[in-house]
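Colleague: Take a look at the following structure, please.
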Amino acid sequence: MNVIVNEETCIGCGRCMEICPAVFYLNEVTGKSEVIDPEACEFVGCCEAAEENCPVDAISIEE
Ligand code: SF4
């Protein structure tokens, strides 16, 4: 599984990090979300919720 954040689209709201802190990290310098561990999705299973709740559809998940 691969998780991708489109940094062009991300507005840095931090919602993905709140939902799935094992996978997403909000870089306070760039103000953009970064993927720290896409494999963590397999265990935690909350990445799809993060994808659905991103207000600008910046998250994509590839199986
Ligand atoms: S939820 Fe979307 S817009 Fe908000 S920080 Fe995460 S990727 Fe960026």
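Colleague: Can you confirm whether residue 59 is β-branched (Val, Ile, Thr), surrounded by 15 or more Cβ atoms within 10 Å (Cβ to Cβ) and more than 7 Å from the ligand (Cβ to nearest atom)?
Modeller: Here the answer is no, as residue 59 does not meet what is asked.
Colleague: Going through segment 45-56 one residue at a time, which ones are farther than 14 Å from residue 2 by Cα and either part of a loop (DSSP other than H, G, I, E, B) or more than 11 Å from the ligand (Cβ to nearest atom) (or both)?
Modeller: 54, 55, 56
Colleague: Ok, one more. Out of all the residues in segment 12-63, which are in contact with a strand residue (DSSP E or B) (Cβ under 8 Å, 6 or more places away or on another chain) and in contact (Cβ under 8 Å) with a residue 60 or more places away in the chain?
Modeller: From segment 12-63, those in contact with a strand residue (DSSP E or B) (Cβ under 8 Å, 6 or more places away or on another chain) are 12, 14, 16-17, 23-27, 32-36, 38, 41, 47-48, 50-51, 58-62; that's our starting set.
Passing the criteria: 61, 62.
Colleague: Residue check: is residue 9 more than 8 Å from the ligand (Cβ to nearest atom), in a loop (DSSP other than H, G, I, E, B) and at pLDDT 90 or above?
Modeller: no
Conditions (1) loosely packed, with under 13 Cβ neighbours inside 10 Å; (2) among the hydroxyl-bearing types (Ser, Thr, Tyr); (3) within 17 Å of residue 63 (Cβ to Cβ), marked per residue:
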| site | (1), (2), (3) |
| --- | --- |
| 19 | no, no, no |
| 26 | no, no, no |
| 29 | yes, no, no |
| 32 | no, no, no |
| 36 | no, no, no |
| 40 | no, no, yes |
| 46 | no, no, yes |
| 52 | yes, no, yes |
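The values are calculated or read from the model by the stated rules, or taken from the named source; none is laboratory data. In this text, all values refer to a predicted model and were calculated from it rather than measured experimentally. We place every Cβ from the backbone using ideal geometry, glycine too, and count neighbours over all the protein chains shown.
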